[in-house]
Structure formats: C-alpha cells, structure tokens
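Derivation of every value follows stated rules applied to the coordinates shown; laboratory data play no part. Since the structure is predicted, the reported quantities are computational estimates derived from the model, not experimental observations. With ideal geometry, Cβ positions are generated from the backbone for all residues, glycine too; neighbour counts draw on all protein chains shown.
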C-alpha cells in the first residue's frame, strides 16, 4: 500500500467545492444569500482598512474581488450567486496545495538537518547546507504500529495539542519518523512567507489557512475542504484547540468545527457507499522543554487579548535569526521535544480494537453505524445528534491530551517555583506577581527543592491513576536537585530572561524567577490539582515514594 495520500488536482477539488456550495445556497432565500455575501464584503473591507499601505499584490487582487462582490449585491440573485462562486473558487485555489510524491521522497531522504534549514533558509538551495540533526532529538511514543495498521483501512484524523508554530513541521517529521503515512494539515498563511518553507510545506501536505479572514463564507470553505479531503481518504491533521495555547496549558477544551467535518465526511462516505468510509481520530500530545514563542504567548494570555487577536504576526517566529538561534541552541538537546500518539478513537469518542471496531465500556465490540443509520442501513441526517457526538469526541480528546501529557524538568521546576513565589506573596494576585522585580523575585532554593520533591510525588500518584504520564526526569543522585539544575540549564539556553536562574549574589541559596515566563511553563501542569503539593500543604514524600 502506498503511503502517499490520494492525489487531487486543483481542478478536481475546485469542482467539488463549487458543487458543495451550489447545494448549500440553492435552498437559501434571496435575503439570506445576500446576507452571506454582504458579511464577506463587510469583514474583508474591515480587514483591508486595518492593513498597512501600500498593499501587496495578492492583497490588491483580493481587494478587487471583494469590491466586485460588493457591486454584485446591487444586482439580481444570479449576480450574487456568481460573486459567491467566484470567491469560493478563489479561496479554494488559495487553500489547496497538491501533494508531491517526488518532493516527499526528496525531503525524507534529506531528513537529517532538514528541519532547521527548512525553518531558517531564505531559498530552496540553502536547504542543502549545514550539518545539524534536530530530528534525532524527537522522542516518539505511543501505539504507532497499531495506528499504522488501522491506517490501511481507515482514514485517520490526527488531533494534537498546539503550543508553537514549530508544531506543524515537527509533527510532519515526527509522523515520518514513526513510520506513519503522510497527513495533510492546515498551516497559517504567515508560515508561507519563507520561500523555502513555502516550497516544501505546500508539497508535503500543508494547505493554506488565512486566519485573518473571519467571515462565514471563508470558514465554510475551510470546513468543506476538510470534509472533501477526509472523504477522499486523505489522512488529516488539525489542531482542535484552534490557535496556539497562549497560556502554555494543555488545552482544557477544543473548538468543535473541524471535528464536526470528520463526522460529516464519515456519514457522507456511508451515504455514497465509498469503499473506505471509516474515519478514526488519534489524539496527540506535544511536550516541549522550551517553546520559541513563550514570552509573546504568555504576554498575550495575560492581557486576555487571545479572544480578539486570533493570530499573532509579530512574535518570535517572524524573525528568521531568532528561529535559527532557537534551533541551534535548543532542538539539539536531549528530550527537547516529545510527541506522544494516543489510542485511536471512533467518531463517537469510543476506543477501538486492532481492527478499528468500536468498543463499549465493557470492551465488547459494536457497530457504530447503527448510531447514524436507520434499520435499512441508510444514514439519517440529524444535526442535533451529531453535535452531541462531536462534544463527546471533544471531551475524550481533551482527556487523552491530559493523560498523555509528559511533565519535563522545565515544567516541574517552573510549577514549583511559581507556586513558591505566589505563596511568599499571598496578598498579590497573578497580575501583581508578574510585575515583581529585583529581589522581590528571589525564592530560597531550599523551598523550591522541597516543592519539587512534593510535586514529583503528586505526579507519581496521578500517573498511577492514569491522569498524567510519568515524568521524564534527568539523571542525578538527588531527584529534586537534578530537576532544578536541568531546568535552569535549559532555560538559560534561549530565553533572554530565563524562567528560573541562580541568583548571582546569593550563591547557591536562592533562585531568581522571571514571573511571566515561569508562569507560562508552570501552566503545563495546571488542571491536575497539584497546587497543594507545590505550596507545601501536602506532606513531604517518604523515602519509599518513587
């Protein structure tokens, strides 16, 4: 069986998208049809008004298309439909990129060193220079052989956590390293500004998503594209959390729009009796020792502007030199990035066996088609039912993310240090703590070490109960000393102001904390109830604890 996803030309995909649009707009009243186009015109004009002048050539072309749509609103229904179809055609051409077997083979043969050069080179020829292998530091865990077997008869949807703009290329290489088939995935338009990165991403399964476009028509095109791709048997990767986690937390909830496209594609496949209609979801949890955009993301979270700023365009990822420095100093560290693939789920949120059959709570197999089909085996349309199934699937994915989360030294040390800083200043709220300066940021090293000991015991208990994965700890005669020193070393590798550092004027007696960055990394262990352990209300572990 070929690993490559089924190929689809731009013309084939465009025809399919136009048919879907025609089926959708046919029953709409004239008023609703005009409202759909008017919303597009209004939102796009608003976006263009906020953009810097002069416009780039692609933006000028888009602006012209929007103004043509505005003129169509003054015409009859045919004029409005023609304008809608014209925009759908334009958006489809923008979104779709054709997978290239040749480029995929080329990229995988040159895998050592490719990632850094992919991120930092200015042109395709520069990809052949240098010697550096960050992919050797990717740690892959999970039932990859089982997932590969299921991929032979099922279309897979990979649902990972989202921390950094590095996630997409790292996951792409992680998927290859795990021996899994290629996945298509949506990548932000800003990631295609690097010519070399654009060249490869567009041929390795990435399709383009312009998160600046917020109107319903564009979002519908993205959803239809996802349904169409999954329906064609193309394994798909998308981030159910939406944008990057601003706070650094494992996402406590997901956006269900794209998950709903998997359910729609499954039912569409059953309805049209396609040879391979079954779709499974694989949760995936990413763990980073360091995150390139940590400073910017936590700043955005603290300002509570993540709701309005759906995409950050001026963060560290937009600076090629910063990416290069990060890659050189961080991605060659041991266990710097961990990718854990979770157990596959059906689209109702149930676990499946090795053949992909759904399992109930007792481990008994059942036919999941019975939940969407009538007694004659015909799919029954029921949007309310599908929303319930999507919510249940979303809950199971979030649960898998948290149970598969692997605590690293930077998370553990930051969590212990942050809560010790908070405990030392109980009269201050989070906003006030992050503005502490100088000696106000000092915490006795002994207290941090004791907090780490308690936290490790709490993580151990939670891992025993399946609520989190066992911590990945550095070697050392003292666990807490090893964790703290390892974390301090990691933090010093990249961040201008490390989350934790040894206090220069206090010898080995105190550590200095950068509250914002420390909060970001500590948030990776939120939602587990570890606060008591970190703050000292839980007794110190006994010698038997491991």
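The table below lists the values:
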{"read-out": "Cα gyration tensor, the stretch 144-187 - rounded (a/c under 1.5), prolate or oblate", "value": "prolate"}
{"read-out": "Spacing of the two label points (7 Å from each Cα toward its C-beta) at residue 30 and residue 76, in nm", "value": "1.0"}
{"read-out": "Computed P(r) (all Cα pairs; the stretch 356-406; 10 Å bins; percent)", "value": "20, 39, 32, 8, 1"}
{"read-out": "Taking 220, 410, 364 and counting other C-beta atoms within 10 Å, the order from fewest to most", "value": "364, 220, 410"}
{"read-out": "Förster radius 22 Å - calculated FRET efficiency between residue 148 and residue 276 (Cβ-Cβ, nearest 0.05)", "value": "0.90"}
{"read-out": "Shape of the stretch 428-515, Cα gyration tensor, a/c cut at 1.5", "value": "prolate"}
{"read-out": "Full-stretch length increase - residue 357, residue 370 - with 0.36 nm per residue and alpha-carbon distance subtracted", "value": "3.4 nm"}
{"read-out": "Label-point separation, residue 382 to residue 431 (7 Å along Cα→Cβ), nm", "value": "4.7"}
{"read-out": "Length-normalised contact order of the stretch 10-94 in % [C-alpha pairs under 8 Å, at least 6 apart]", "value": "46"}
{"read-out": "Sorted by Cβ density within 10 Å, fewest first, the residues 23, 395", "value": "23, 395"}
{"read-out": "Prolate/oblate/rounded label for the stretch 10-94 (Cα gyration tensor, a/c 1.5)", "value": "oblate"}
{"read-out": "Taking the stretch 374-455 and dividing mean pair separation by its residue count, relative contact order in percent (alpha carbons under 8 Å, at least six apart)", "value": "33"}
{"read-out": "Modelled FRET efficiency - R0 60 Å, residue 59 with residue 423, Cβ distances, 0.05 increments", "value": "0.75"}
{"read-out": "Percentage relative contact order, the stretch 409-535, counting C-alpha pairs under 8 Å, at least six apart", "value": "43"}
{"read-out": "Fewest-first ranking of 439, 213, using other Cβ atoms within 10 Å as the exposure measure", "value": "439, 213"}
